[in-house]
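Read through the structure below, which is laid out as structure tokens, and then see the notes.
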Amino acid sequence: DTAPHMANIITIDGQSYIVDLTYNDSCDDAVSYRLFNAGLDMIAMSYTWSEDTESRSIAQSSDENSYYIRNEAAFCDINELAEYIAEKWSENGETEIYVMLYNESDSGKLNDVLPKVLEKQQKSYSYNLWHDSNGIDSFYTIVFNGG
């Protein structure tokens with residue numbers, strides 16, 4: 001809110017998107033891909049955007065080029081999202097998982113649902129969960145520790 005910030009504008013198939021490589025950088029290893037190939041809808045609540053500063057017109061809405069949509073990691077149902085996380089971790093051995101939940105900005109709901117789904121795997125687990133929101137959708141980073 002107080003300091004200017006610069007983001008990259010890229011063009012894919014004739015449409016321009018935002019890529020902010022340093023978005024939400026912190027010292028705790030959390031990564032958010034919310035602003036990778038994002039339309040103006042995904043920068044809501046993070047930046048005040050001025051069309052005067054654009055070198056190209058940015059897509060109003062994120063689409064199939066968004067990181068989460070392109071990687072089939074965007075969900076409308078929190079239970080399906082939790083099942084996806086469990087499958088990626090348990091069956092594929094992935095320890096860092098990035099997902100998006102449409103039309104939900106409550107970070108606590110995944111912490112309520114995910115343990116119930118993970119318990120079905122009958123494996124010990126621990127994880128850290130980071131949450132980011134654009135005021136409409138939720139973006140989660142889940143990092144499993146050992147297990």
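Some notes on this structure:
- Filter result for Gly93 (in a loop (DSSP other than H, G, I, E, B), among the small types (Gly, Ala, Ser), open to solvent by less than 70 Å² (accessible area, probe 1.4 Å) and within 25 Å of Asp41 (Cα to Cα)): no
- Enumeration of residues in region 72-108 that are free of Cβ contacts under 8 Å to residues at least 12 places away in the same chain and among the polar types (S, T, N, Q): Asn92
- Scanning region 133-147 for residues that are closer than 30 Å to Ser61 by Cα and open to solvent by 20 Å² or more (accessible area, probe 1.4 Å) yields Ser133, Gly135, Ile136, Val143.
- Test: residue in region 124-132 that is at pLDDT 90 or above, open to solvent by 30 Å² or more (accessible area, probe 1.4 Å) and not hydroxyl-bearing (Ser, Thr, Tyr): yes
- Any chance Asn128 is within 17 Å of the chain's Cα centre (by Cα) and over 20 Å from Ile43 (Cβ atoms): yes
- Across region 25-82, the qualifying residues are those that are of a type in the set (A, V, I, L, M, F, W, C) and open to solvent by 70 Å² or more (accessible area, probe 1.4 Å), and the one among them that is modelled with the highest pLDDT is Cys76.
- Residue count for region 1-16 under the criterion of being open to solvent by less than 100 Å² (accessible area, probe 1.4 Å), at pLDDT below 90 and either in contact with a Cys (Cβ under 6 Å, 6 or more places away or on another chain) or within 20 Å of Asp41 (Cβ to Cβ) (or both): the result is 5.
- Leading residue by the ranking (most open to solvent (accessible area, probe 1.4 Å)) among those in region 96-118 that are part of a helix (DSSP H, G or I) and within 14 Å of Phe144 (Cα to Cα): Asn111
- Screening Asn128 with (1) in contact with a Lys or Arg (Cβ under 7 Å, 6 or more places away or on another chain); (2) part of a strand (DSSP E or B); (3) of a type outside the set (Phe, Trp, Tyr) gives one miss only, at (1).
- First in region 119-147 and under 16 Å from Ser105 (Cβ atoms), second anywhere and assigned to a loop (DSSP other than H, G, I, E, B) and of a type in the set (Asp, Glu), Cβ under 8 Å, 6 or more apart: Trp130/Asp28; Asp137/Glu104; Ser138/Glu104; Ser138/Asp106
The values are calculated or read from the model by the stated rules, or taken from the named source; none is laboratory data. Fair warning: this is a prediction, and the values are worked out from it, not measured in the lab. With ideal geometry, Cβ positions are generated from the backbone for all residues, glycine too; neighbour counts draw on all protein chains shown. Accessible surface areas use protein heavy atoms only, side chains included; no ligands, DNA or RNA. Shrake-Rupley method; radii C 1.70, N 1.55, O 1.52, S 1.80 Å.
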